[in-house]
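For reference, the structure is listed below as structure tokens.
The values are calculated or read from the model by the stated rules, or taken from the named source; none is laboratory data. Nothing here was measured: the structure is a model prediction, and the numbers come from that model. Because the Cβ atoms are built from the backbone with ideal geometry, glycine has one as well, and the counts that use them run over all protein chains shown.
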Amino acid sequence: PSILKEKANFGIGAAIKTAHLAELAYANTVKSHFSQVTAEWEMKMELIWSSATGYNWSNADRVVDFAKDNDLEVHGHTLVWYKSFPGWFKNAGYDSTAFEDRVRAYIQTTVGRYKGRVKSWDVANEIFNDNGTLRSTDCPVFATFNDPIGFYGRCFKYAHEADPDAKLFYNDYSVVLASAKRSAIKRMVSRFKNEGIPIHGIGDQFHYRVTTDKNTIKNGLTDMASTGLLIHLSELDIIVNVQQSESYAFTQAEAQKQADMYRFIVESYESLPADQKFAITTWGVTDKYTWLTDYWHAKEYPLLFDQHYQEKEAYRGFLAGL
Ligand code: XIL
């Protein structure tokens, strides 16, 4: 097969935004090449939980409906993320009991609404620093609980109660690069297992570069898999313009370097135990729309399809790695 989702024995995901779904080439590319989707933005807490008394499901529903209409799985992203608590929530001054009651209601309402339609969720996102300590800056959970990990564990329980069939993930960045962060995640997983908390997988976002050290990636993945959990490369994109130069040109040679990196990452993922391969999700579809440009204002070409929805060398590298 020459189509990613047809060749892979695991999910091939893309992060999507509803704003682009009306663009025929965008929607067609997602339908043809991918088997699952993640909402890049629209299933986060601050988008759904618009006020203390109300939820706004419209865009999240559109993502889930688009997936259903086109036989795609949905990976839910993300229930609890320090960056996505709504302003009204942060300003409410809740004590730990009220805070947890509210978040439990949010998780149970959201996971319950999409029960059976969203098959997996990132329950907690980015709770550790790279040095393995808990993230404290701007983190409402850290500011509220003496034992933040205990709180996150209960969030996994609440999600599991709302949909016992959903696969529940912990998600973070630089998991394969930062060994202290990875150790902290592994300790949390052991604690959860000891306490009977349902955790099924770990995601590493995989926002890496053409220059990222390959051995570190490979060894880190093997170490993640030593937990026995499902492994998700959850937000894959590969930075090419590592000097962040305005005059950078994405030449054929550059495209080839990027393709080699995609191939190496996919081959490394393929070498994991078959029953631990969950999915590889790219963080976007086309170089036309990438968070590296929207959010970081970088001149970048990180994805598998170019601005005209043509398959890049990167696509062929990914395919060759399968
Ligand atoms: C990013 C989206 O790509 C942007 O569109 C949005 O403005 C901010 O969030 N880690 C994550 C993702 O877990 O949710 C982030 O997504 C990128 C970093």
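For every residue, the table says whether it meets (1) within 14 Å of Leu236 (Cα to Cα); (2) within 13 Å of the ligand (Cβ to nearest atom).
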site	(1), (2)
Ala274	no, no
Thr282	yes, yes
Asp287	yes, no
Trp296	no, yes
Lys299	no, no
Leu303	yes, yes
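Condition test on Ala124, is it away from the ligand (no atom under 16 Å from the Cβ) and surrounded by 12 or more Cβ atoms within 10 Å (Cβ to Cβ)? In short, no. For the criterion of being at pLDDT 95 or above, away from the ligand (no atom under 16 Å from the Cβ), surrounded by fewer than 16 Cβ atoms within 10 Å (Cβ to Cβ) and more than 28 Å from Glu270 (Cβ to Cβ), Thr109 passes.
Taken together, the residues in segment 1-57 that are within 16 Å of the ligand (Cβ to nearest atom) and either part of a loop (DSSP other than H, G, I, E, B) or aromatic (Phe, Trp, Tyr) (or both) amount to 9. Residue pairs, Cβ under 6 Å, 6 or more apart or interchain, first in segment 110-128 and more than 18 Å from Ile199 (Cα to Cα) and in a strand (DSSP E or B), second modelled with pLDDT under 95 and small (Gly, Ala, Ser). List them. Going by the 6 Å Cβ cut-off, there are no qualifying pairs. When residues in segment 69-92 are screened for being outside any helix (DSSP H, G or I) and either in contact (Cβ under 8 Å) with a residue 40 or more places away in the chain or of a type in the set (A, V, I, L, M) (or both), 14 of them pass.
Inspection of segment 241-252 finds a residue satisfying the criterion of being in contact (Cβ under 8 Å) with a residue 12 or more places away in the chain, crowded, with 19+ Cβ neighbours inside 10 Å and over 20 Å from the mean Cα position of the chain (by Cα).
Here Gly220 clears all of (1) within 19 Å of Asn125 (Cβ to Cβ); (2) within 17 Å of the chain's Cα centre (by Cα); (3) in a helix (DSSP H, G or I) except the condition numbered (2).
Among the residues examined, Glu311 qualifies as over 20 Å from the mean Cα position of the chain (by Cα) and either of a type in the set (Ser, Thr, Tyr) or farther than 27 Å from Leu229 by Cβ (or both). Inspect segment 90-105 for any residue being buried (at least 18 other Cβ atoms within 10 Å of the Cβ) and in contact with an Asp or Glu (Cβ under 9 Å, 6 or more places away or on another chain) and give the result as yes or no. Within segment 90-105, not a single residue is buried (at least 18 other Cβ atoms within 10 Å of the Cβ) and in contact with an Asp or Glu (Cβ under 9 Å, 6 or more places away or on another chain). If I go through segment 45-73 residue by residue, how many of them are surrounded by 15 or more Cβ atoms within 10 Å (Cβ to Cβ) and either at positive phi or in contact with a strand residue (DSSP E or B) (Cβ under 6 Å, 6 or more places away or on another chain) (or both)? Total meeting the criteria: 5. Whenever a residue of segment 45-68 is within 11 Å of Thr110 (Cβ to Cβ), its partners that are crowded, with 17+ Cβ neighbours inside 10 Å and acidic (Asp, Glu), lying with C-beta atoms within less than 7 angstrom and at least six residues away or across chains, give the pairs Ala60/Glu42. Screening the candidates Ala27, Ala8, Ala14, Ala67 for the property of being more than 28 Å from Gln276 (Cα to Cα) and small (Gly, Ala, Ser) yields one hit, Ala27.
Among the residues that make up segment 83-95, is at least one of them touching a Pro at 6+ places or on another chain (Cβ under 9 Å) and under 16 Å from Met43 (Cβ atoms)? Looking for residues that are touching a Pro at 6+ places or on another chain (Cβ under 9 Å) and under 16 Å from Met43 (Cβ atoms), one finds at least one in segment 83-95, hence yes.
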